[in-house]
Amino acid sequence: MTSAAPPDPLDVVAPRYGGGSLADVVPSALAVLGVPGAVDLLGFTPRLAGVRRIAVLLVDGLGWYQIPTAAPYAPTLAGLAATVGRPLTSGFPSTTPTSLVSFGAGVAPGPHGVLGFTVRVPGTDRVLNHIEWAGDPEPLTWQPVRTQWERARAAGVAVTVVSRPEFAGSGLTLAANRGGDYRGAAGVDALAATMLAALAAGPGPTLVSGYHPDLDRHGHLTGVDSAPWRIAAAEVDALVARLVDGLPPDAALLVTADHGQLDVPAAHRFDLDTDSRLRVGVRVVAGEPRVRYLHVEPGAVDDVVAAWSAVLGSAARVETRGEAVAAGRFGPVPEEHLRRIGDVVVTCHGTYAVLASRSEPPAVSRLVAYHGADTAAELTIPLLVVRG
């Protein structure tokens, strides 16, 4: 019996919550470390028997479908993907804030409520950018789920989170990483050294999380497989090689990502701020270019769905909030989080995007690569498992 062929990069795929998603990585690692109640949804235990220290590296923008493109510049990464790698999915939308909180909280996006790059704050016309979130709304209220780091620490595991110094104390960091000792590290050398030092620091069970953002940044700015992207891929490779070489004998390294990326050509870009047909009945626009949340005037849902469907045609899936939630795209969504999702959800197909050239920072419209939707290229991420 032969296995099914992998999806084409532009095929639509569904998040595999509960046994094949980013949200399952840390709970499965905690099961290996003996944390009570943790469930090994990814089957780590047989391979990692005897492991007492686990490092998890999340590389922003390293989709499963980008690894073959990176292979000439990242041979270590490509070799590990071929031998000890498997694909997982991120959640939906496939965007950094949503994924980082799913990773840290160990749940699908619906329960934790960080449901997009930007979302409308219910009861207001304010759009919250989760990357620029300084603490209003209050992070522990906005994201109420106990993190896996808190759970691990309560069970006696030493927990360290290593990321950029400038992210310390942000709303997103508190939502995703509360419970871990936060250590700032700028650049791959500092990140590797800090992660390895934390991994070897004590005699007991240890969990270290590291985050590296540069591959995603260069993809956005200059495109996947551009010269800067290739340099960033080589730096990721050096980081992974150094972590593998430095693992203690009783340790393991897990490498994963928050999403992939794809380039969007100029001819595939709609602009809701210059096409009046896309503004009728729309009160607030949130989300990002690959997934738009439209909060509409009372009674305008059907008209907005019809107008956007007519303009975008096969370039996007246009559905109501109820349809998107019922399809399971976010996992279960509690009542208090529903209104963070638009009344209408527009998910781009193929290599299309919907810009907002006047109402969002101009730099967003100038990006080359985007993510957020549910194509295989965006939603499929790697999981590499290496023993010391």
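The single residue among LEU253, LEU247 that is outside the structural domain of SER309 (by TED's automatic domain parsing) and under 23 Å from the mean Cα position of the chain (by Cα) turns out to be LEU253.
Condition check ((1) modelled with pLDDT of 95 or more; (2) crowded, with 24+ Cβ neighbours inside 10 Å; (3) part of a helix (DSSP H, G or I)) across all residues:
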| residue | (1), (2), (3) |
| --- | --- |
| VAL162 | yes, yes, no |
| ALA186 | no, no, no |
| ALA190 | yes, no, yes |
| ALA198 | yes, yes, yes |
| GLY210 | yes, yes, no |
| GLY219 | yes, yes, yes |
| ASP225 | yes, no, no |
| GLU235 | yes, no, yes |
| ARG242 | yes, no, yes |
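Within the range 164-184, the set of residues being exposed (fewer than 15 other Cβ atoms within 10 Å of the Cβ) and of a type in the set (A, V, I, L, M, F, W, C) comprises ALA168 only. Checked against the criterion of being touching a residue at least 12 places away in the same chain (Cβ under 8 Å), in contact with a Gly (Cβ under 9 Å, 6 or more places away or on another chain) and small (Gly, Ala, Ser), the candidates ALA233, ALA251 yield just one match: ALA251. Among what's in the range 44-88 and is more than 30 Å from ALA201 (Cβ to Cβ) and of a type in the set (S, T, N, Q), pick the residue that is surrounded by the most Cβ atoms within 10 Å (Cβ to Cβ). By that ranking, first place goes to GLN66.
Take ALA232 and decide whether it is under 30 Å from ALA70 (Cα atoms) and of a type in the set (A, V, I, L, M, F, W, C). For ALA232, the condition - under 30 Å from ALA70 (Cα atoms) and of a type in the set (A, V, I, L, M, F, W, C) - is met.
The strands (runs of 3 or more DSSP E) falling completely within the range 274-373 that include 3 or more residues that are of a type in the set (Val, Ile, Thr) and within 20 Å of VAL119 (Cα to Cα) map to 282-288, 344-348. Only residues that are in a strand (DSSP E or B) and either out of contact with any Pro (no Cβ under 8 Å at 6 or more places or on another chain) or touching a residue at least 24 places away in the same chain (Cβ under 8 Å) (or both) were counted in the range 164-184, giving 3.
The residues of the range 101-139 that are in a helix (DSSP H, G or I) and within 24 Å of PRO213 (Cβ to Cβ), listed by number, are VAL101, SER102, PHE103, GLY104, ALA105, PRO109, HIS112, HIS130, ILE131, GLU132, PRO139.
The values are calculated or read from the model by the stated rules, or taken from the named source; none is laboratory data. Since this is a predicted model, take the numbers as computed values, not measurements. As a convention, Cβ positions derive from the backbone with ideal geometry for all residues, glycine included, and neighbour counts pool all protein chains shown.
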